[in-house]
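Trainee: Below are the structure tokens for one structure; questions will follow.
The values are calculated or read from the model by the stated rules, or taken from the named source; none is laboratory data. Treat the numbers as computed from the prediction; the structure is a model and nothing was measured. Ideal geometry is used to build each Cβ from the backbone, glycine not excepted, and the neighbour counts take in all protein chains shown. Each accessible area value is taken on the protein alone, full model and side chains, heavy atoms only, with ligands, DNA and RNA left out. Shrake-Rupley method; radii C 1.70, N 1.55, O 1.52, S 1.80 Å.
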Amino acid sequence: MQDFLWENYSSVSEFILLGFSGDSQINAILFNIFLFLYLSTLVGNGLIITLINLDSRLHTPMYLFLSVLSMLDMSYVTTTVPQMLVHLVCQKKTISYVGCVAQMYIFLVLGITEGWLFSVMAYDRYVAICYPLRYKVIMSPQLCGAMIIFCVLWGISCSLVYTVFTMRLPYCGPNEINHFFCEVPAVLKLACADTSFNDQVDFILGFILLLVPLSFILASYVRIFASILRIHSTQGRLKAFSTCASHITVVTMFCGPAMFMYMNPGANASPERDKKLALFYNVISAFFNPIIYSLRNKDVKRALFKVTGWGRATE
């Protein structure tokens with residue numbers, strides 16, 4: 001009976017992803033740009049993971065979280081970009097119903113996990129700066145592992161709620177998604193039913209999954225900045241602040257656009273704006289994360305010079 005109802009309501013067997021443009025020349029340019037960004041993201045994040053594994057001096061909680069972030073970023077872009085590249089050069093731009101559901105769920109799992117990982121990384125910086133003598137005791141391997149597992153389980157469970165509430169709606173046509181992948185706000189526009197309840201659910205989940213971790217991050221940095229201001233030497237203040245600047249930058253790049261997307265009512269959403277926002281927190285942030293962390297981090301640069309033999313990092 002349930003299978004009959006599902007087939008009756010969800011008569012659409014595949015979706016068409018409209019992407020960015022119908023102009024083949026523009027799509028060719030976009031293909032080259034996104035291919036470069038995708039390959040650079042894989043290389044950059046893969047390099048960070050390799051350096052952290054090879055250099056024993058980077059076997060600390062901060063770099064453990066950074067390696068997890070790099071793995072999430074690599075998986076994050078792989079969920080959407082390869083398909084987008086294919087659609088940019090092929091006439092057929094379809095994705096099956098099951099494939100759309102799977103892409104939506106995996107994308108949400110990775111995104112939610114990454115959002116909460118940022119709050120864990122902020123806590124790590126808080127302990128390192130405010131309790132430096134007790135850092136190794138507080139940030140034990142057991143606690144670090146438990147926090148990572150929490151982020152993953154939270155992402156898995158909350159993504160299931162998002163996906164179920166979205167795909168329980170009937171989809172009976174049209175089947176054209178004005179987006180480059182199956183993202184919740186874009187898919188909801190095709191539902192053959194009132195989506196106001198889903199808009200409320202998305203807003204509540206957005207509050208829990210974005211504003212709550214952002215509140216933890218803000219609370220951590222309030223304490224961090226208070227501790228930094230108590231440091232007497234200017235050099236000491238700059239050194240303490242520099243360890244946080246990279247994290248603040250990537251959090252802003254990721255959470256700002258994501259919050260605007262998922263906490264904005266569906267009726268007010270603009271497809272073109274949503275695609276640009278999705279590009280920013282999906283592709284652009286993943287591309288810049290390894291650059292931001294490597295350029296501002298002497299330990300990572302020292303590990304790179306050590307592994308490649310290119311030279312010596314300045315102390």
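Trainee: What about residue 215, is it surrounded by fewer than 17 Cβ atoms within 10 Å (Cβ to Cβ), assigned to a helix (DSSP H, G or I) and modelled with pLDDT of 85 or more?
Mentor: Yes: the conditions hold for residue 215.
Trainee: Okay, next question. Exactly one condition in (1) part of a helix (DSSP H, G or I); (2) farther than 23 Å from residue 182 by Cα; (3) not aromatic (Phe, Trp, Tyr) is false for residue 209; which is it?
Mentor: (2)
Trainee: Quick one: which residue in 58, 54 is modelled with pLDDT under 90 and surrounded by fewer than 18 Cβ atoms within 10 Å (Cβ to Cβ)? Don't jump to the end; show me each part of the working.
Mentor: Values: 58 fails: surrounded by fewer than 18 Cβ atoms within 10 Å (Cβ to Cβ).
Selected residue: 54, the only one of 58, 54 that is modelled with pLDDT under 90 and surrounded by fewer than 18 Cβ atoms within 10 Å (Cβ to Cβ).
Trainee: Also: What is the residue count in region 8-67 for residues that are of a type in the set (Val, Ile, Thr), out of contact with any Ser or Thr (no Cβ under 6 Å at 6 or more places or on another chain) and either in a helix (DSSP H, G or I) or within 28 Å of residue 304 (Cα to Cα) (or both)?
Mentor: 7
Trainee: Restricting to region 172-183, give me the number of residues that are surrounded by fewer than 22 Cβ atoms within 10 Å (Cβ to Cβ) and either free of Cβ contacts under 8 Å to residues at least 40 places away in the same chain or on the phi < 0 side of the Ramachandran plot (or both).
Mentor: Residues flagged as surrounded by fewer than 22 Cβ atoms within 10 Å (Cβ to Cβ) and either free of Cβ contacts under 8 Å to residues at least 40 places away in the same chain or on the phi < 0 side of the Ramachandran plot (or both) within region 172-183 amount to 5.
Trainee: With the checklist (1) under 28 Å from residue 294 (Cα atoms); (2) touching a residue at least 24 places away in the same chain (Cβ under 8 Å) in hand, flag the one item residue 103 doesn't pass.
Mentor: It fails just one condition, (1).
Trainee: Under 7 Å between Cβ atoms, at least 6 apart or on separate chains: pull out the pairs that start in region 229-243 with a residue that is touching a residue at least 40 places away in the same chain (Cβ under 8 Å) and end on any residue that is basic (Lys, Arg).
Mentor: Once the first residue is touching a residue at least 40 places away in the same chain (Cβ under 8 Å) and sits in region 229-243, its partners that are basic (Lys, Arg) give 242/296; 243/125.
Trainee: With the requirement that a residue be exposed (fewer than 15 other Cβ atoms within 10 Å of the Cβ) and aliphatic (A, V, I, L, M), what does region 218-247 give you?
Mentor: 218, 219, 222, 226, 229, 238, 245
Trainee: Residue by residue through region 154-178, note down the ones that are under 22 Å from the mean Cα position of the chain (by Cα) and part of a loop (DSSP other than H, G, I, E, B).
Mentor: The one that is under 22 Å from the mean Cα position of the chain (by Cα) and part of a loop (DSSP other than H, G, I, E, B): 178.
Trainee: List pairs: first residue in region 30-59 and without any contact (Cβ under 8 Å) to a residue 60 or more places away in the chain and under 18 Å from residue 286 (Cβ atoms), second residue hydroxyl-bearing (Ser, Thr, Tyr) and surrounded by 12 or more Cβ atoms within 10 Å (Cβ to Cβ) anywhere in the structure, Cβ distance under 9 angstrom, at least six positions apart or on different chains.
Mentor: Listed by first residue and then by second, the contacts come to 30/21; 42/78; 46/70; 49/67; 49/70.
Trainee: Continuing with the same structure: Go through region 78-95 and give me each residue that's outside any helix (DSSP H, G or I) and surrounded by 13 or more Cβ atoms within 10 Å (Cβ to Cβ). Quick ask: steps written out before the conclusion?
Mentor: Step one: filter region 78-95 for residues outside any helix (DSSP H, G or I), giving 90-95.
Those that are outside any helix (DSSP H, G or I) and surrounded by 13 or more Cβ atoms within 10 Å (Cβ to Cβ): 93, 94, 95.
Rundown of residues vs (1) at pLDDT 95 or above; (2) within 27 Å of residue 184 (Cβ to Cβ); (3) aliphatic (A, V, I, L, M); (4) touching a helix residue (DSSP H, G or I) at 6+ places or on another chain (Cβ under 7 Å), yes/no style:
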site	(1), (2), (3), (4)
93	no, yes, no, yes
96	no, yes, no, no
116	no, yes, no, yes
128	no, no, yes, yes
132	no, no, no, no
149	yes, yes, yes, no
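Trainee: How many of the residues in region 139-149 are more than 13 Å from residue 62 (Cα to Cα) and either of a type outside the set (A, V, I, L, M) or crowded, with 16+ Cβ neighbours inside 10 Å (or both)?
Mentor: Taking region 139-149 and keeping what is more than 13 Å from residue 62 (Cα to Cα), we get 142, 146, 149.
From what's left, either of a type outside the set (A, V, I, L, M) or crowded, with 16+ Cβ neighbours inside 10 Å (or both): 142.
Of the residues in that region, 1 qualify.
Trainee: Could I ask something else about it? Go through region 184-200 and give me each residue that's in a helix (DSSP H, G or I) and either open to solvent by 20 Å² or more (accessible area, probe 1.4 Å) or at pLDDT 85 or above (or both).
Mentor: 184, 185, 186, 187, 188, 196, 197, 199, 200
Trainee: Let me ask another. Checking residue 36 against (1) among the aromatic types (Phe, Trp, Tyr); (2) surrounded by fewer than 14 Cβ atoms within 10 Å (Cβ to Cβ); (3) under 16 Å from the mean Cα position of the chain (by Cα): exactly one of these is not met. Which one?
Mentor: (3)
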